[in-house]
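S.K.: One structure follows; several queries about it will come next.
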Amino acid sequence: MRPASAMSVLAALLDRSLDRMADAAADVRRFDREAIREAADVWDNNLFPLFWAASTSNAGRRERRATTVLEWMADFGERRRAWMTEQAAIAGYDLEPLLPPAGPHMPGRDYRGHVMAPQCRLTRHNVDELVPDYDLAAASVRHLRVERAGTRLTAHVRLVADRRFAVDEPAPPALLDVWLDDVTDIAFDLADTRAVTLHTGPREVGISLGPGGRLRAAGGEYRLDDRSWHLSTGGRRADATTPARTSRSNPPRPPGADLDPDAHAAATLLHHAMLELRSVRYAAHADDVPVPKLCEAFSGAGEAILAAGSQRGAHRREAAFRDVIRAWADQGDPDITRWIATVLKQRAGRPDIIAPRPAQRTTPDLHDGPPMSRTPSQAVLVMAAWTATHTDYGTERPAAAQLHLALPPRNDDTSSAPWRLRTVDCADPDTFRLRTDAFHGPGRLVRVGKPTTARGLDLHQGALHVTTGAGRSTSVI
């Protein structure tokens, strides 16, 4: 570990985020959507504070500002603090001496003052406290998703569970979200959507679903999404020890002050890049986000911002931030450069900083690619999800299946060209079968059915099998 200055750590966390996202998308056969979302999400309300901290030539003032920003970032909860500590360590810094000791975790309260259910590890003790309040044996699956996270598999299961306690007003169904890490065993089809058992053990946790469904993993967590939880046995216990809500005011504002115009333009541009990267959280659009291109364009942003902000004098600082923006544009390919020019014009009001390159299309677009010539003969399953018919905020939602497939270079080219990610949505599936072998690397991809019958896809000889009479979102993959 290197001796840590707060500003160096802050800049390194930004650079680590960009490196982490680039690594997570470098090979879509091991695409890690959650790692990209998590890293980009950190900077939603922390980028402008970082620019504020860096924008002074006074080293002492810069350190005080950066320390304030790090404390603000780490105060977003245990998970955020753990992420910051881990990423700083990878960059060679020990973050903990720069932060105050972590306080004990306490359940929060909602706007009504009702205590909210915390997120819990999937342990025998926690499950034993859950069962008296919710009838898991009668629960049903609303959503199931199994997804790659690099070389590992993760899963998310959303269950609808009946309450065993009385409520004092009409309330939406209680939802139980279960997340599993390092998934080792998968078996699910549409017969396995009712009756749930949570399993816990020292080396393995999991869920049994219906007559034959199962998910097994090394560990997991769960959280109740139930506005009436405060009336349950567990909720009443938590209510007795949780401090009362003391204020109904808005959350505190992030640290910082107004930036000079060119620093503000650079911060606005990078902020929009992070929003673009974070949009992978919407599974339907994950294949549209040019993660590697954006990360390449903004690579080294933390060090560049620190160097520009440290310049002595406002005029030199502003000139340095203009040079940083131009360097980002030069690092990007033509599509990214045109996107940068559009953001500077429409969002930052600064169309003058970079000279636009000749456009090859009517509007800048990050997401276009050459048309595919034919259906590939093989694929790698990256994500498979199924959602039951349900009502959401008064709207009926039909059943659906969604797949992320990594496909070989067009025309099944065996060269070093990268594989590509494709999202396939299937409306109202008649069949959805998922087994562990579906995630075992490249497999033969088969289109099943005829246009007049149920159509679908099969991978790894039935390990993934989806059919639907309503059709897929795309006829050619």
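The values are calculated or read from the model by the stated rules, or taken from the named source; none is laboratory data. Source: prediction; values computed, not measured. Don't worry about glycine lacking a Cβ; one is built from the backbone with ideal geometry, like all the others, and counts go over all protein chains shown. What goes into the accessible areas is simple: the full protein's heavy atoms, side chains included, and nothing from ligands, DNA or RNA. Shrake-Rupley method; radii C 1.70, N 1.55, O 1.52, S 1.80 Å.
S.K.: Please go through segment 37-68 and give me each residue that is basic (K, R) and either in contact with a strand residue (DSSP E or B) (Cβ under 6 Å, 6 or more places away or on another chain) or within 17 Å of D19 (Cβ to Cβ) (or both), ordered by number.
M.R.: R37
S.K.: Return the residues of segment 302-335 that are assigned to a helix (DSSP H, G or I), in contact with an Asp or Glu (Cβ under 8 Å, 6 or more places away or on another chain) and of a type outside the set (D, E); say none if nothing qualifies.
M.R.: Hits for segment 302-335 are G302, A308, A314, R317, A319, F321, R322, I325, Q331.
S.K.: Among the residues of segment 200-214, is there at least one that is within 21 Å of A117 (Cβ to Cβ) and buried (at least 23 other Cβ atoms within 10 Å of the Cβ)?
M.R.: yes
S.K.: For segment 410-452, enumerate the residues that are surrounded by fewer than 16 Cβ atoms within 10 Å (Cβ to Cβ), at pLDDT 90 or above and under 24 Å from V280 (Cα atoms).
M.R.: Selection gives P418, A427, D428, H440, G441.
S.K.: Separate question: Residues that are within 21 Å of the chain's Cα centre (by Cα), open to solvent by less than 20 Å² (accessible area, probe 1.4 Å) and either at negative phi or modelled with pLDDT of 95 or more (or both): does segment 76-86 have at least one?
M.R.: For segment 76-86, residues within 21 Å of the chain's Cα centre (by Cα), open to solvent by less than 20 Å² (accessible area, probe 1.4 Å) and either at negative phi or modelled with pLDDT of 95 or more (or both): present.
S.K.: Please determine, by comparing only the residues of segment 54-75 that are outside any helix (DSSP H, G or I) and free of Cβ contacts under 8 Å to residues at least 40 places away in the same chain, which one is surrounded by the most Cβ atoms within 10 Å (Cβ to Cβ).
M.R.: It comes out as D75.
S.K.: A further question on this structure: Can you confirm whether F31 is buried (at least 20 other Cβ atoms within 10 Å of the Cβ), under 22 Å from the mean Cα position of the chain (by Cα) and at pLDDT 95 or above?
M.R.: yes
S.K.: Determine, yes or no, whether R65 is of a type in the set (K, R), farther than 18 Å from G302 by Cα and touching a helix residue (DSSP H, G or I) at 6+ places or on another chain (Cβ under 6 Å).
M.R.: Answer is no for this residue.
S.K.: Right, next: Could you go through segment 338-351 and let me know if any residue there is closer than 30 Å to A401 by Cβ and charged (D, E, K, R).
M.R.: No: zero hits.
S.K.: Looking at R79, R65, R37, R33, which one is touching a Pro at 6+ places or on another chain (Cβ under 9 Å) and within 30 Å of M106 (Cα to Cα)?
M.R.: Just a single option satisfies the conditions, and that option is R65.
S.K.: Turning to a different aspect of this structure: Yes or no: segment 92-99 includes at least one residue that is on the phi > 0 side of the Ramachandran plot and either surrounded by 14 or more Cβ atoms within 10 Å (Cβ to Cβ) or outside any helix (DSSP H, G or I) (or both).
M.R.: Yes, there is a match, as at least one residue in segment 92-99 is on the phi > 0 side of the Ramachandran plot and either surrounded by 14 or more Cβ atoms within 10 Å (Cβ to Cβ) or outside any helix (DSSP H, G or I) (or both).
Conditions tested, residue by residue: (1) free of Cβ contacts under 8 Å to residues at least 24 places away in the same chain; (2) closer than 30 Å to V127 by Cβ; (3) open to solvent by 20 Å² or more (accessible area, probe 1.4 Å).
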| site | (1), (2), (3) |
| --- | --- |
| R236 | yes, yes, yes |
| P254 | no, no, yes |
| L270 | no, no, no |
| L277 | no, no, no |
| G300 | no, no, yes |
| R312 | no, no, yes |
| R322 | no, no, yes |
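S.K.: Any chance you could count how many residues in segment 1-20 are in contact with a Lys or Arg (Cβ under 9 Å, 6 or more places away or on another chain) and more than 19 Å from A74 (Cα to Cα)?
M.R.: 0
S.K.: Here is a further query. Within segment 1-45, track down each residue that is closer than 18 Å to A308 by Cβ and in a loop (DSSP other than H, G, I, E, B).
M.R.: S5, W43, listed by residue number.
S.K.: Restricting the first residue to segment 104-125 and requiring it to be among the β-branched types (V, I, T) and surrounded by 12 or more Cβ atoms within 10 Å (Cβ to Cβ), which pairs with a second residue that is modelled with pLDDT under 95 and assigned to a strand (DSSP E or B) meet a Cβ separation below 9 Å and a spacing of at least six or different chains?
M.R.: Matching pairs, first to second residue: V115/R109.
S.K.: Which members of segment 169-184 meet the condition of being open to solvent by 20 Å² or more (accessible area, probe 1.4 Å), within 20 Å of V205 (Cβ to Cβ) and of a type in the set (A, V, I, L, M, F, W, C)?
M.R.: W179, the sole residue that qualifies.
S.K.: What's the number of the only condition in (1) open to solvent by 60 Å² or more (accessible area, probe 1.4 Å); (2) within 29 Å of the chain's Cα centre (by Cα) that A187 fails to meet?
M.R.: Unmet for A187, out of (1) open to solvent by 60 Å² or more (accessible area, probe 1.4 Å); (2) within 29 Å of the chain's Cα centre (by Cα): (1).
S.K.: Tell me, please, whether a residue that is of a type in the set (G, A, S) and open to solvent by 10 Å² or more (accessible area, probe 1.4 Å) can be found in segment 11-20.
M.R.: Checked segment 11-20: at least one residue is of a type in the set (G, A, S) and open to solvent by 10 Å² or more (accessible area, probe 1.4 Å).
S.K.: Suppose we keep only residues that are without any contact (Cβ under 8 Å) to a residue 60 or more places away in the chain and surrounded by 21 or more Cβ atoms within 10 Å (Cβ to Cβ) within segment 135-157. Which one would you say is nearest to the chain's Cα centre (by Cα)?
M.R.: V157
S.K.: Only one of R361, R357, R374, R312 is at pLDDT 95 or above and of a type outside the set (A, V, I, L, M); which?
M.R.: The conditions single out R312.
S.K.: Continuing with this model, one more query. Give the number of residues within segment 235-261 that are outside any loop (DSSP other than H, G, I, E, B) and within 30 Å of the chain's Cα centre (by Cα).
M.R.: 2
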